[in-house]
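Since every read-out is calculated from the coordinates, none of them should be taken as a lab result. Model, not experiment: these values are computed from the prediction. Positions of Cβ are generated from backbone atoms using ideal geometry, with glycine treated the same way; all protein chains shown enter the neighbour counts.
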Amino acid sequence: MSKPKTAERGRQPRVAPPPPPPTRRERRLARRVPVLPAPREWSPDPDQVSTPWRSYATTFISLAGLGVATYLTLAHYTTGITLSCPDTGAINCEAVTTSKESVIFGVPVAVLGLCFFLPMLLISLPWAWKTSRTIVAQARLAMSVVGIGMVFYLVYAELFEIQKICLWCTSVHVLTLAMFVLVVTGWSDATASWPDFDDEL
């Protein structure tokens, strides 16, 4: 007759011993390091983000401002180009563009206009208004604030220090003001493609 198996003879199977309890140092480290949920990837569908009309308006304004700033820069550095502007009475473009206020820290104001409208053109294109990169909208807003601040200074200089008005400079001031208004009022359009950080928590 064959012998019964071990389990049948009343022997219990061997059970592995329980793991040792965590030490005091391990418990302290566990309390210090929080367990965060894994971040979720978020990428908006470009087809679902509509292109705001302000993107086309700011692009046109940037192009117009870039053209005027280029014209003023050429007139500043080239003697063969004269500004098409009357020089009688309160309106005198040459008196304004050749004054000491037309140069800031050794840089002509016309060149500063180029440095403003060229990057604004790049970050005002339709793709820049639809991008989910927050730095683009923030840079556009920051540059608009700097631009309108410069406009306030230049208008003050024309009215109270030079006491002459430059029509070409005034056109740049109006374009900069329009850019500022469009960027500020279009902040919700610029942030429409941003991820909803409340959903990530």
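Database remark: amide H of Ile91 closer than 5 angstrom to the amide H of Ile165 (H placed geometrically; neighbours at sequence offset of 5 or more, or on other chains; Pro and chain starts carry no H).
Note down the Stokes-Einstein diffusion coefficient of segment 120-201 in µm²/s, whole number, using a Kirkwood radius over alpha carbon pairs, 20 °C, and 1.002 mPa s. Rounded to a whole number, D works out at 150 µm²/s. The charge dipole of segment 52-191, taken about its Cα centre with unit charges on the Cβ atoms of Lys, Arg (+1), Asp and Glu (-1) only, comes to about 500 debye.
Remark: spin-label model distance Thr191-Glu26 equals 4.6 nm, labels positioned 7 Å along the Cα→Cβ axis.
Once the cut-off is 15 Å, how many percent of the Cα-Cα pairs in segment 131-177 end up in the long-distance tail? Tail of the P(r) past 15 Å holds 52 percent of the pairs.
Would you kindly state how much longer the chain becomes between Ala142 and Phe105 on full extension, computed as 0.36 nm times their sequence separation minus their alpha carbon distance, in nm to one decimal? Don't skip to the end; give the middle numbers.
Values: separation 37, 0.36 × 37 = 13.32 nm, distance 2.10 nm.
Gain in length upon complete extension: 11.2 nm.
In angstrom, the C-alpha Rg and Dmax of segment 52-191 are 15.7, 51.
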